[in-house]
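*Asks:* Just dropping this structure here.
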Amino acid sequence: AYPDRQSAVRAAPGWALTDYDHEVVVPVALDKMSRVIDWDYPILFWLERELRARNGAPLRLLDAGGHVGTKFRAFRDLLDLSRVQWQVYELPAMVKAGREMAVSEGLEEQLSFCDCLEEIEEADILLCSGLLQYLDMPFPDFVKSLPARPRVILLNKVALREGPSVYTLQRGGPTYLPYHIRNKARFLDDLEALGYQVVDSWRIQYLAHQVASHPELGWSESRGYMLQDRNMARVS
């Protein structure tokens, strides 16, 4: 367990990669991420409600940390995404691979990619599925950097704990990634300060973790959230 991201990165083995911005990391767990997993169903539920509420009107979605568009591919068999403009914000290596895959599959008109904040387009919905543990900036700062406030934010697999925030290292293929476990109360306060209300929350029990070298820290909790701008009417 480490007090900050930089300390975690310095503690990684010298041979390990410490971020996702490498071509060799693209295929790691790609097949699994491209399928619907148990914890995706709350996201599917709320996304389907948002689509219904628009009665066929176009919807713009920003998938931050969306790999090569894995959730788009996983969800399109269960939801009609034909009216959704789906933009993925990712690291350059992922963006390059994602664009090539989208072109090869004829999806480039609907599934787009960018690797810098300036290229992010306005979105009705912000989706962050498994992003927050790896995000290298405070989440409120990221939301404030967007060109417009999303009406809805869908978060999934957020690592939280009751005590102070800590970082640890997560092994994945050739990587040792700094992994942020946030203080739960502070995180909820941040969401409130951003002007979003928690409409729904769910717990992903089997994604709880314990830092093996620090059992005194206890277990983390993995949660998902459906957030809505307090100035907007709740979806009926």
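The values are calculated or read from the model by the stated rules, or taken from the named source; none is laboratory data. In this text, all values refer to a predicted model and were calculated from it rather than measured experimentally. In this analysis, Cβ positions are derived from the backbone assuming ideal geometry, glycine residues included, and neighbour counts consider all displayed protein chains. We work out accessible area using only protein heavy atoms, side chains counted, and drop any ligands, DNA or RNA first. Shrake-Rupley method; radii C 1.70, N 1.55, O 1.52, S 1.80 Å.
*Asks:* Taking interchain pairs and intrachain pairs at least six residues apart, which have beta carbon atoms under 7 angstrom, with the first residue in the stretch 106-126 and in contact (Cβ under 8 Å) with a residue 12 or more places away in the chain and the second open to solvent by 20 Å² or more (accessible area, probe 1.4 Å) and among the polar types (S, T, N, Q)?
*Replies:* These pairs meet every condition: Gln110/Gln85; Leu117/Ser145.
*Asks:* When the stretch 20-47 is examined, which residues are found to be surrounded by 15 or more Cβ atoms within 10 Å (Cβ to Cβ) and closer than 19 Å to Gln228 by Cβ?
*Replies:* Pro42, Ile43, Leu44, Trp46, Leu47
*Asks:* Name the residues in the stretch 93-117 that are of a type outside the set (A, V, I, L, M, F, W, C), open to solvent by less than 60 Å² (accessible area, probe 1.4 Å) and not in a loop (DSSP other than H, G, I, E, B), would you?
*Replies:* Gly98, Ser112
*Asks:* Go through the stretch 147-161 and report how many residues are open to solvent by 20 Å² or more (accessible area, probe 1.4 Å) and either in contact with a strand residue (DSSP E or B) (Cβ under 7 Å, 6 or more places away or on another chain) or at pLDDT below 95 (or both).
*Replies:* Of the residues in the stretch 147-161, 4 are open to solvent by 20 Å² or more (accessible area, probe 1.4 Å) and either in contact with a strand residue (DSSP E or B) (Cβ under 7 Å, 6 or more places away or on another chain) or at pLDDT below 95 (or both).
*Asks:* Taking only the stretch 131-158 into account, find how many residues are under 24 Å from Arg230 (Cα atoms) and either assigned to a strand (DSSP E or B) or in contact with a Lys or Arg (Cβ under 8 Å, 6 or more places away or on another chain) (or both).
*Replies:* 9
*Asks:* Another question, then. Which condition from (1) acidic (Asp, Glu); (2) part of a helix (DSSP H, G or I); (3) loosely packed, with under 14 Cβ neighbours inside 10 Å is the one that Asp190 breaks?
*Replies:* The failed condition is (3).
*Asks:* Hey, among the residues in the stretch 48-78 that are touching a helix residue (DSSP H, G or I) at 6+ places or on another chain (Cβ under 7 Å) and surrounded by 14 or more Cβ atoms within 10 Å (Cβ to Cβ), which one's farthest from Val199 (Cα to Cα)?
*Replies:* Val68
*Asks:* Related question: Please go through the stretch 201-221 and give me each residue that is open to solvent by 50 Å² or more (accessible area, probe 1.4 Å) and assigned to a strand (DSSP E or B), ordered by number.
*Replies:* Hits for the stretch 201-221 are Arg203, Gln210, Trp219.
*Asks:* While we're on this one: Exactly one condition in (1) of a type in the set (Gly, Ala, Ser); (2) assigned to a helix (DSSP H, G or I); (3) open to solvent by 10 Å² or more (accessible area, probe 1.4 Å) is false for Ser82; which is it?
*Replies:* (2)
*Asks:* Would you confirm whether or not the stretch 75-84 contains a residue that is of a type outside the set (Asp, Glu) and touching a Gly at 6+ places or on another chain (Cβ under 8 Å)?
*Replies:* Yes, the stretch 75-84 contains a residue that is of a type outside the set (Asp, Glu) and touching a Gly at 6+ places or on another chain (Cβ under 8 Å).
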